[in-house]
Structures are given as structure tokens and as C-alpha cells.
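The values are calculated or read from the model by the stated rules, or taken from the named source; none is laboratory data. This structure is a prediction, so every number in the text was calculated from the model and none was measured. Cβ placement follows ideal geometry from the backbone for every residue including glycine, while neighbour counts extend to all protein chains displayed.
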Amino acid sequence: MPKVTKAFVEARREEILNACERLYRTVDFKDITVKDIADMTSLSRASVYNYFQTKEEIFLALLKREYDLWSASLFELRDSNEALSVDEFAQAIGAGLAERWQLLKIMSMNHYDMESNSRLEELTSFKASYGRSMDAMDACLATFFPQMDRQDREDFIYGFFPFMFGIYPYTFVKEKQREAMEGAGVDYVFMSISELTSRFVRNLLASVASKEN
């Protein structure tokens, strides 16, 4: 029996994640099954369980990948710019998250169930990627705003990261939700991911902006 290499396992996992990502573009999480994901791969449903034990594990791994990609873009932002103003930084963060809308969409799901129904090793791997994204944001802040001390950067991070969970539900509103808000007399002002994120980043960095002027 041929030896199963790490590269082979990673390739299979990537195939599963790619299938899940494509499916999630048009189908809600609750309506997706492991069989649906398997049908979009070269694997059988039974084979998928060799790599992920639950549907939640697949989505958690997909979320991990999205965090890794976002972290890479944050480090690239830091490394490719000698300086950024508050406004330039806010626009860059907003534009970056607009490209990673799948990250925001998965974030808007029920994390409690997703994490509870995943094995410890999968959850630990995800948390490591989540931590790297916080480190990447901290590195950007330390580079572009040296006047911020460690506490200032922590305050930004622990304000911004929880905010991210609400970006997708606010910026992707279905027609039924619009009608409900109109019926309830709720004044909804549409903003894109980039607009909403940029505005929030500027608000978080208001004290930094005042020091620049």
C-alpha cells in the first residue's frame, strides 16, 4: 500500500475546501451537507471523513485559510509602504477586507457551534491563524503609527476584530430583510464593506489623526 504523504493529505484537504468555498457562494451553511461538498470533488463522502470529521470542521478550516490570506495581505501592506496616513490606512484596510468578503461571510456564522463541533487539533490550528492575523494588524499599526504604544494598539485590535463579525450582515442585506426594516420603520443606510470598514478604522484612529494635524 503506497505511503500517504503530507503533501497528498494537504492537496486533498485543499480540494475539499475549494469545493466548500464554491458551494458556499450560492448555498447557505445550514443547507450544505458533507455529501454536497464531496459531490464537487473527486472524493466520496466516506473519503471526505478521512480529512474532516464534520461539516463544521470544513468551514473552520476554510475560515482558517481566509485568515491566513488576510494576514499575508496585511504583512504585504506593511512591507510595501514606508508610511501611510490614517486615511490611507483606513482605505487600505477597507479595500483589503472587500476582497476577502468570504472571510467576513464565514465570520458571520455561529462560531460557537462551528468550534464546538470541531476536533481540538483543528480548533488549535484555527486559533493560531486567528492569532497571526492579530499580530499582522499589530505590525501594521506599529509601523505606520509609531506614536501608538502597545496599549493603544491593543485597544484598536480589540475594538476592530469584534466589529468584523458584523460587517457582512450589514453590507449584504437580502430583499426580505430590507422589506422588514422598511416595515419596522428602520432607517437603513447602505454602505459597502470598504466604506463601512474605512469609516470605523478612522474612528478608532481619531486620536492618532488629531496628533498628525
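From ALA142, ALA136, grab the single residue that is under 16 Å from LEU69 (Cα atoms) and modelled with pLDDT of 95 or more.
Result of the check over ALA142, ALA136: ALA136.
Name every residue in the stretch 62-86 that is among the polar types (S, T, N, Q) and either in a helix (DSSP H, G or I) or buried (at least 17 other Cβ atoms within 10 Å of the Cβ) (or both), in order of residue number.
SER71, SER73
Could you grab the pairs with beta carbons closer than 7 Å, sequence gap of 6+ or different chains, first residue in the stretch 152-163 and without any contact (Cβ under 8 Å) to a residue 24 or more places away in the chain, second one hydrophobic (A, V, I, L, M, F, W, C)?
ARG153/LEU141; ARG153/ALA142; ILE157/MET134; ILE157/MET137
Would the stretch 126-133 turn up any residue that is in contact with a Leu (Cβ under 7 Å, 6 or more places away or on another chain), in a helix (DSSP H, G or I), under 16 Å from MET164 (Cα atoms) and not hydroxyl-bearing (Ser, Thr, Tyr)?
No, the stretch 126-133 contains no residue that is in contact with a Leu (Cβ under 7 Å, 6 or more places away or on another chain), in a helix (DSSP H, G or I), under 16 Å from MET164 (Cα atoms) and not hydroxyl-bearing (Ser, Thr, Tyr).
When the stretch 167-211 is examined, which residues are found to be of a type in the set (Val, Ile, Thr) and either surrounded by 12 or more Cβ atoms within 10 Å (Cβ to Cβ) or outside any loop (DSSP other than H, G, I, E, B) (or both)?
ILE167, THR171, VAL173, ILE193, THR197, VAL201, VAL208
I need the full set of residues from the stretch 156-166 which are among the aromatic types (Phe, Trp, Tyr) and in a loop (DSSP other than H, G, I, E, B), in order please.
PHE165
Of the residues PHE59, PHE89, which single one is farther than 25 Å from ALA11 by Cα and buried (at least 17 other Cβ atoms within 10 Å of the Cβ)?
PHE89
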